[in-house]
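This report concerns only the one structure given below.
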Amino acid sequence: QVQLVESGGGLVQAGGSLRLSCAHSPYTFSVNFIGWYRQAPGKERELVVELSRGARTIYKDSVKGRFTMSRDNVKDLLYLEMNMLRPEDTAVYYCKAQAYNPDVRGFSEYWGQGTQVTVSS
């Protein structure tokens, strides 16, 4: 099983910045990061940014121009750089990855435990 660990969340004032990181546990097969998602209290989990099957990066409209997803291939980390944060960005942020799972002889998706981002007004 792949374990994902997010870090970098915290409390920031509106207009501030944070950088989230996502790391995965050692795994026999390649782990492919898919993207970042978030869930605000009382709301469903939603897409923030993801790498589509066509290798296009898709951002939620409200974060375009403010958030940037990137990957460090040497360290095998996924990042989410968040600038000009707004109170409505407050949520638990999760990263998602995919990897071959021999138990099901196919690919499985994995989620981290999330990191809290709180933006004060």
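Selection within the range 13-27: residues that are outside any strand (DSSP E or B) and touching a residue at least 12 places away in the same chain (Cβ under 8 Å). The member of this set that is farthest from Asp61 (Cα to Cα) is Tyr27. Among residues of the range 87-106 being part of a strand (DSSP E or B) and of a type outside the set (A, V, I, L, M), the one that is surrounded by the most Cβ atoms within 10 Å (Cβ to Cβ) is Cys95.
So which of Val31, Val119, Val63 is under 16 Å from Gln3 (Cβ atoms) and either of a type in the set (Phe, Trp, Tyr) or in contact (Cβ under 8 Å) with a residue 24 or more places away in the chain (or both)? Please lay out each step first, then the result.
Details: Val119 fails: under 16 Å from Gln3 (Cβ atoms); Val63 fails: under 16 Å from Gln3 (Cβ atoms).
Val31 is the lone residue from the list that is under 16 Å from Gln3 (Cβ atoms) and either of a type in the set (Phe, Trp, Tyr) or in contact (Cβ under 8 Å) with a residue 24 or more places away in the chain (or both).
For Met69, the conditions (1) open to solvent by less than 50 Å² (accessible area, probe 1.4 Å); (2) touching a Leu at 6+ places or on another chain (Cβ under 8 Å); (3) among the hydrophobic types (A, V, I, L, M, F, W, C); (4) touching a residue at least 40 places away in the same chain (Cβ under 8 Å) all hold with the exception of (4). The condition (being at pLDDT below 95 and either in contact with a strand residue (DSSP E or B) (Cβ under 6 Å, 6 or more places away or on another chain) or among the charged types (D, E, K, R) (or both)) is satisfied by just one residue among Ser52, Ser108, Ser120: Ser52. Of all the criteria given as (1) open to solvent by 70 Å² or more (accessible area, probe 1.4 Å); (2) part of a loop (DSSP other than H, G, I, E, B); (3) under 21 Å from Glu6 (Cα atoms), the one not satisfied by Glu109 is (2). Only one entry in Gly65, Gly42 is part of a loop (DSSP other than H, G, I, E, B) and within 17 Å of Gly16 (Cα to Cα), namely Gly65.
The values are calculated or read from the model by the stated rules, or taken from the named source; none is laboratory data. Since this is a predicted model, take the numbers as computed values, not measurements. Note: ideal-geometry Cβ built from the backbone for every residue, glycine included; neighbour counts use all protein chains shown. When the accessible area is computed, the model is the full protein with side chains, heavy atoms only, and any ligands, DNA or RNA have been set aside. Shrake-Rupley method; radii C 1.70, N 1.55, O 1.52, S 1.80 Å.
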